[in-house]
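Colleague: So that we are looking at the same thing, I have put the structure below in structure tokens.
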Amino acid sequence: MFAALPASIAFALNFAHPLLMWVLLGLAGYAMVLGIKAKKTRTASAEDRKELIKGQFAKRHFQFGSIVLALMVLGCVGGMAVTYINNGKLFVSPHLLVGLGMLSLIALAASLSPLMQAGNLIARKVHVGLNMTLMTLFLWQAVSGMQIVNKILTAPAT
């Protein structure tokens, strides 16, 4: 199957996914703030819009959202890969299943971008709803992920 990794590398790999996910949670929060500012720009009065447009919030939201999507895919697949490499199996748990669900939500939310760029209000509302659900699940994942990290750190050495 896999050539055995040195124990120190195998152990350290356990923390790549959690570290990436904490960074990703921060980036997702920032993308959300940019999305809120983009909406504010769209709905502002003509006078206020002139000033808000300078922030290029919609463009930056799209860029950060793309980064979040890419890192979430890599982080999800990477987390499963490290678990499999280190344990020879995946642990089917709420953390895994919610993570896969989140991956589906972000893919669906991103797929609405062309419709939103064409001005479709329903697509915009669905996009927001999917991403708010995603962020709620992400916060839960942060807690359950730290419980998993704690199990790894307190497990007796084999």
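The values are calculated or read from the model by the stated rules, or taken from the named source; none is laboratory data. Values in this document were obtained by computation on a predicted structure and should not be read as measured data. Ideal geometry is used to build each Cβ from the backbone, glycine not excepted, and the neighbour counts take in all protein chains shown. Remember, those area values only see protein heavy atoms, side chains included, never the ligands or the DNA or RNA. Shrake-Rupley method; radii C 1.70, N 1.55, O 1.52, S 1.80 Å.
Colleague: Mind listing whichever residues of segment 1-44 are among the aromatic types (Phe, Trp, Tyr) and under 15 Å from Met146 (Cα atoms)?
Modeller: Phe15, Trp22
Colleague: Among (1) surrounded by 12 or more Cβ atoms within 10 Å (Cβ to Cβ); (2) more than 16 Å from Leu34 (Cβ to Cβ); (3) under 14 Å from the mean Cα position of the chain (by Cα), where does Thr136 come up short?
Modeller: Unmet condition: (1).
Colleague: Can you name every residue in segment 53-74 that is open to solvent by less than 40 Å² (accessible area, probe 1.4 Å) and under 27 Å from Ile152 (Cβ atoms)?
Modeller: Result: Val68, Met72.
Colleague: Say we look at segment 75-133 and pick out the residues that are exposed (fewer than 13 other Cβ atoms within 10 Å of the Cβ) and outside any helix (DSSP H, G or I); which of these is modelled with the lowest pLDDT?
Modeller: If we take residues in segment 75-133 being exposed (fewer than 13 other Cβ atoms within 10 Å of the Cβ) and outside any helix (DSSP H, G or I), then Gly88 is modelled with the lowest pLDDT.
Colleague: For segment 11-32, give me the residue count where each residue is at pLDDT below 90, closer than 30 Å to Ser66 by Cα and assigned to a helix (DSSP H, G or I).
Modeller: The qualifying residues number 2.
Colleague: If you don't mind, another one. Within segment 1-20, track down each residue that is in contact (Cβ under 8 Å) with a residue 24 or more places away in the chain and exposed (fewer than 12 other Cβ atoms within 10 Å of the Cβ).
Modeller: Listed by number, the residues that qualify are Met1, Phe2.
Colleague: Name every residue in segment 21-47 that is open to solvent by less than 50 Å² (accessible area, probe 1.4 Å) and of a type in the set (A, V, I, L, M), in order of residue number.
Modeller: Met21, Leu24, Leu25, Leu27, Ala28, Ala31, Leu34, Ala38, Ala44
Colleague: Report, by residue number, each residue of segment 139-158 that is farther than 30 Å from Lys39 by Cβ, in a helix (DSSP H, G or I) and β-branched (Val, Ile, Thr).
Modeller: Ile148, Val149, Ile152, Thr154
Residue-by-condition table, conditions (1) aliphatic (A, V, I, L, M); (2) over 18 Å from Gly145 (Cα atoms):
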residue: Asn87; (1), (2): no, no
residue: Leu90; (1), (2): yes, no
residue: His95; (1), (2): no, no
residue: Ala107; (1), (2): yes, yes
residue: Ser111; (1), (2): no, yes
residue: Asn120; (1), (2): no, yes
